[in-house]
Amino acid sequence: MNEVKFFFNQTGGERIPLEMHKAKMVQRLHLLPVDERQAAIENAGFNTFLLKNRDVFLDMLTDSGVNAMSDEQYAALLRADDSYAGSETFYRLEAELSKMFGKKYFLPAHQGRACEHILAKTLVKPGQAVIMNFHFTTTKAHITLLGGKVIELLTDEGLKVESDIAFKGDMDIEKLKSTVQALGKENIAFIRVEAGTNLIGGQPVSVKNMREVSQICKANGITSVFDASLLSDNLYFIKTREQGYENTEISDITREIASLFDIVYFSARKLGCVRGGGILTSNDELHIAMRELVTLYEGFLTYGGMSVKEMEALAVGLREALDFNVIEQTPIFVEALTNELRKFGVPTVLPAGGLGCHIDAKRFLEHIPQSEYPAGALAAAIYLVGGIRGMERGTLSEQRNDDGSEHFAEMELVRLALPKRVFTLSHIKFVADRVAWLYRNRHLIGGLEFVDEPSILRFFFGRLRAKNDWHIRLAEAFKRDFGESL
Ligand code: F0G
């Protein structure tokens, strides 16, 4: 049955999403008093990546590696066949992946960026371009480190924060044709489509668009690559939004998509709810070129840096990722959080996508210029008012231009991720309430400046400070309104 799970409460007719799972094991949470939160964010250099988990109440940094596994996945851990070479677990996982994606070869890797490392090393030569709907941070870093450059060809509509377009992750096909023609195929390392386009708010790509991209790749002899890390949310949107797919099985949509690309890779930290990754292809030459790098950088070909226990759980997680009743859960709760925030006027990405709710920091903090990292400041402020850890997805997450100047992000977002099956509706209501208070008090939030700026992936461990100590005034205002309440 493919019914989306909502119920309407009797008093207000409110449409409420239903969790179709229950907790079997729990982890205790703590909410520190606001003074301690203020000290914690200061000690973390106003970077939510540097907060200690013990200081965090709701960890909405990411879904990566922190999705809740199912009971069936836990049961599978015990079946794992632990051996360096030839593990039975590998062959079970390989069979599952081959059924799911229809590709001949599977190369395991320890996570998504390890796949990107291998792909970039195999395919990118200095000076070449990689064309994609939109970049992901680690993808771009691997390509530029090898002297390649990234060209993003999202449609103009995809970059609008608020829109009613169903597939904002689609590539602009006309721009793609002219770019391929202008560059020439020898200057294009590969063309990449990212499912559930992460940095523009978890926005899906339509099968129609993927088919058109695939045709252009084939016609020009260019390698096509599909990043399936966020495939499960994307599959939900295809099934519920794309004409002609209402009655197609999720497994059939998956195979159709995979058939359009020479290479499919994924982070199993997202797809499959474990920790690992993998590359799939049916191309003999690509397989041979990549497998040598797998053994060098990841591990022997039957584990590739993953623990066999996680591989066994991945085989189960992949089966579950093809079940509509499982994959609908994240998008319906992302939509619930987005709707709740919008009731209070908080600007967010629309339509609500997958992965998490994305707050528009540019509009939230119109008084802070991009050079002072509004999304970084907002992520720090959200932690301060609720112990809620989100992630900056704006200029801080960008790389500087070659000349050292700042590369201002197209969108300044704070992502509040909803790892699969982890949070409840009361958590969502709490987040919306605290962010709504922050929105009313947004004039108190100021900008950030770097104290220590790493040269690669600076958002991970860069340290910043609050300009004019705005965080102190924000904490004072919070205490005036909330008193002894946390
Ligand atoms: N591709 C996409 C679309 C991703 O979202 C990620 C990771 C990766 C590749 C890299 O995979 O983390 O296993 O190395 N996204 C995480 C996030 C980090 O928080 O959105 P990885």
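The values are calculated or read from the model by the stated rules, or taken from the named source; none is laboratory data. A quick note: this is a predicted structure, and the numbers were derived from the prediction, not measured. All Cβ positions, even for glycine, are placed from backbone atoms using ideal geometry, and neighbour counts span all protein chains on display.
Here is a yes/no grid of residues against (1) closer than 29 Å to residue 170 by Cβ; (2) buried (at least 23 other Cβ atoms within 10 Å of the Cβ); (3) in contact (Cβ under 8 Å) with a residue 24 or more places away in the chain; (4) of a type in the set (Val, Ile, Thr):
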residue: 216; (1), (2), (3), (4): yes, no, yes, yes
residue: 219; (1), (2), (3), (4): yes, no, no, no
residue: 231; (1), (2), (3), (4): yes, yes, yes, no
residue: 237; (1), (2), (3), (4): yes, yes, yes, no
residue: 260; (1), (2), (3), (4): yes, no, yes, no
residue: 282; (1), (2), (3), (4): yes, no, yes, no
residue: 309; (1), (2), (3), (4): no, no, yes, no
residue: 312; (1), (2), (3), (4): no, yes, yes, no
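Please work out which residue is surrounded by the fewest Cβ atoms within 10 Å (Cβ to Cβ), limiting yourself to region 110-133 and to residues that are under 23 Å from residue 272 (Cα atoms) and more than 9 Å from the ligand (Cβ to nearest atom). Before you say what the answer is, go through the steps one by one.
So the first thing to find is which residues in region 110-133 are under 23 Å from residue 272 (Cα atoms), and the list is 110-119.
Next, only the ones that are more than 9 Å from the ligand (Cβ to nearest atom) stay: 117-119.
Values: 117: 21, 118: 26, 119: 27.
Restricting to residues being under 23 Å from residue 272 (Cα atoms) and more than 9 Å from the ligand (Cβ to nearest atom), the top hit is 117.
Of the residues in region 54-93, how many are within 16 Å of the ligand (Cβ to nearest atom) and more than 26 Å from residue 331 (Cα to Cα)?
Qualifying residue count, region 54-93: 0.
I want to confirm something. Restricting to region 441-486 and keeping residues that are of a type in the set (Lys, Arg) and more than 26 Å from the chain's Cα centre (by Cα), which single residue is surrounded by the most Cβ atoms within 10 Å (Cβ to Cβ)?
That would be 442.
When you check residue 142 against the structure, is it free of Cβ contacts under 8 Å to residues at least 40 places away in the same chain and either within 21 Å of the chain's Cα centre (by Cα) or over 20 Å from residue 407 (Cα atoms) (or both), yes or no?
Against the criterion (free of Cβ contacts under 8 Å to residues at least 40 places away in the same chain and either within 21 Å of the chain's Cα centre (by Cα) or over 20 Å from residue 407 (Cα atoms) (or both)), residue 142 qualifies.
Going by the conditions given, is residue 319 assigned by TED's automatic domain parsing to the domain that holds residue 93 and either farther than 27 Å from residue 21 by Cα or surrounded by 21 or more Cβ atoms within 10 Å (Cβ to Cβ) (or both)?
Taking the combined requirement at face value, the residue does not satisfy it.
Which of the residues that make up region 262-289 are outside any loop (DSSP other than H, G, I, E, B), of a type outside the set (Phe, Trp, Tyr) and either more than 12 Å from the ligand (Cβ to nearest atom) or more than 18 Å from residue 316 (Cβ to Cβ) (or both)?
Listed by number, the residues that qualify are 263, 264, 279, 280, 281, 284, 285, 286, 287, 288, 289.
What number goes with the only condition from (1) away from the ligand (no atom under 16 Å from the Cβ); (2) touching a residue at least 12 places away in the same chain (Cβ under 8 Å); (3) surrounded by fewer than 20 Cβ atoms within 10 Å (Cβ to Cβ) that residue 137 does not pass?
(1)
Which residue out of 361, 432, 381 is away from the ligand (no atom under 15 Å from the Cβ), modelled with pLDDT of 95 or more, closer than 18 Å to residue 473 by Cβ and surrounded by 21 or more Cβ atoms within 10 Å (Cβ to Cβ)?
381
For region 412-429, how many residues meet the condition of being part of a helix (DSSP H, G or I) and crowded, with 20+ Cβ neighbours inside 10 Å?
Number satisfying all stated conditions: 1.
Is it the case that region 190-206 has a residue that's touching a residue at least 12 places away in the same chain (Cβ under 8 Å), assigned to a helix (DSSP H, G or I), more than 12 Å from the ligand (Cβ to nearest atom) and on the phi < 0 side of the Ramachandran plot?
no
If I ask for residues that are within 16 Å of the ligand (Cβ to nearest atom) and either β-branched (Val, Ile, Thr) or within 18 Å of residue 394 (Cα to Cα) (or both), which ones from region 407-429 would you list?
Listed by number, the residues that qualify are 409, 411, 413, 414, 415, 416, 417, 422.
Just to be sure before I move on: is residue 233 in contact with a Ser or Thr (Cβ under 9 Å, 6 or more places away or on another chain) and either within 16 Å of the ligand (Cβ to nearest atom) or assigned by TED's automatic domain parsing to the domain that holds residue 297 (or both) in the structure I sent?
yes
It is to be established whether one or more residues within region 171-185 are surrounded by 21 or more Cβ atoms within 10 Å (Cβ to Cβ) and touching a Ser or Thr at 6+ places or on another chain (Cβ under 8 Å).
Taking every residue of region 171-185 in turn, at least one turns out to be surrounded by 21 or more Cβ atoms within 10 Å (Cβ to Cβ) and touching a Ser or Thr at 6+ places or on another chain (Cβ under 8 Å).
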